[in-house]
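The values are calculated or read from the model by the stated rules, or taken from the named source; none is laboratory data. Everything numeric here is computed off the predicted structure, so don't read it as measured data. In this analysis, Cβ positions are derived from the backbone assuming ideal geometry, glycine residues included, and neighbour counts consider all displayed protein chains. Please note that ligands, DNA and RNA were not included when accessible areas were found on the heavy atoms of the full protein model with its side chains. Shrake-Rupley method; radii C 1.70, N 1.55, O 1.52, S 1.80 Å.
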Amino acid sequence: MKNYCAIILYCLLGIGCTFHCDELSEPVPIINTQNLPPLAAEFVTTISGDDSTVNSARLVRTASAVEWTYLTTNTSELWTKTSNDLWFYSKVFHADRQVIEYSPVDINLLGIHQQWQQLAINPDILHAATSTKPAADFRGWKSVIYTSEVEGITYEVLWLPQLSIAARVIAKQGKQKTVTEIRTLYVNQQAPFTFSDITHYRTIEYTDLGDMERDPFVMKIQHELLDHHGHLH
């Protein structure tokens with residue numbers, strides 16, 4: 001996946017974790033994803049190891065829509081919720097002005113999960129926490145540090161319970177360290193960016209891709225599409 005800003009958030013979808021509640025000084029948060037505060041934020045990810053990489057992404061979140069825009073690749077992932085509480089997922093390619101849209105049925109059949117998108121962290125990482133401690137307020141918001149280990153990766157998460165979002169995620173495995181953190185945060189104020197305007201983009205339904213194997217755009221981006229495990233090709 002090219003958008004490294006999401007790599008440590010995306011790679012563990014679907015992993016089951018154990019919650020050791022007797023060791024925690026702060027309880028693992030009970031997250032109500034039906035009533036998340038609207039916000040916008042810009043994240044920066046630094047991957048250090050043999051080589052260092054820095055990437056940026058923007059998040060815009062409301063009660064009925066979530067969009068991550070990856071500045072390095074000029075792509076977005078957009079989730080929109082219907083009045084029936086069903087989610088549509090769209091992969092947006094801004095340079096090509098094209099959208100691949102997955103219906104709620106497609107999402108269910110492919111086993112795609114959207115909860116991490118709203119929270120900037122896979123909730124399983126929080127539920128695996130073996131220790132917690134209070135932290136200094138993050139830009140005026142209460143924060144808690146959660147520490148966990150999943151599949152040999154050690155995580156330290158700076159969690160903002162009032163906003164239900166991860167302000168910083170540090171992941172360590174071997175010599176590699178990945179840090180994703182909020183650079184700018186907008187709550188109850190106008191952000192300099194908002195949801196992408198894709199009104200005039202061509203929209204391709206996921207179920208139509210099988211008939212478009214020779215389409216130049218589809219041929220170019222097929223490795224970036226989700227397969228039946230909810231992973232990228």
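Quick look at the numbers
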read-out: Boolean, residue 59 is within 15 Å of residue 166 (Cβ to Cβ), modelled with pLDDT of 95 or more and of a type in the set (A, V, I, L, M); value: yes
read-out: Candidates 95, 135, 171 - the one that is over 30 Å from residue 201 (Cβ atoms), of a type in the set (A, V, I, L, M), without any contact (Cβ under 8 Å) to a residue 60 or more places away in the chain and out of contact with any Gly (no Cβ under 9 Å at 6 or more places or on another chain); value: 135
read-out: Residue match in region 94-116 (condition: modelled with pLDDT under 95 and closer than 24 Å to residue 176 by Cα); value: yes
read-out: Of all residues in region 154-168 being surrounded by fewer than 18 Cβ atoms within 10 Å (Cβ to Cβ) and not charged (D, E, K, R), the one that is nearest to residue 46 (Cα to Cα); value: 154
read-out: Residue match in region 127-145 (condition: closer than 26 Å to residue 51 by Cα and open to solvent by less than 50 Å² (accessible area, probe 1.4 Å)); value: no
read-out: Where residue 39 falls short, out of the listed (1) buried (at least 16 other Cβ atoms within 10 Å of the Cβ); (2) out of contact with any Ser or Thr (no Cβ under 8 Å at 6 or more places or on another chain); (3) more than 22 Å from residue 161 (Cα to Cα); (4) not polar (S, T, N, Q); value: (3)
read-out: Boolean, residue 42 is touching a residue at least 60 places away in the same chain (Cβ under 8 Å), charged (D, E, K, R), farther than 24 Å from residue 146 by Cα and in a strand (DSSP E or B); value: no
read-out: Residue in region 184-201 that is under 30 Å from residue 147 (Cα atoms) and modelled with pLDDT under 95 present; value: yes
read-out: Complete set of residues in region 89-111 that are closer than 18 Å to residue 59 by Cβ and either β-branched (Val, Ile, Thr) or in a strand (DSSP E or B) (or both); value: 89, 90, 91, 92
read-out: Flag if residue 77 is farther than 17 Å from residue 36 by Cα, open to solvent by less than 10 Å² (accessible area, probe 1.4 Å) and in contact (Cβ under 8 Å) with a residue 40 or more places away in the chain; value: yes
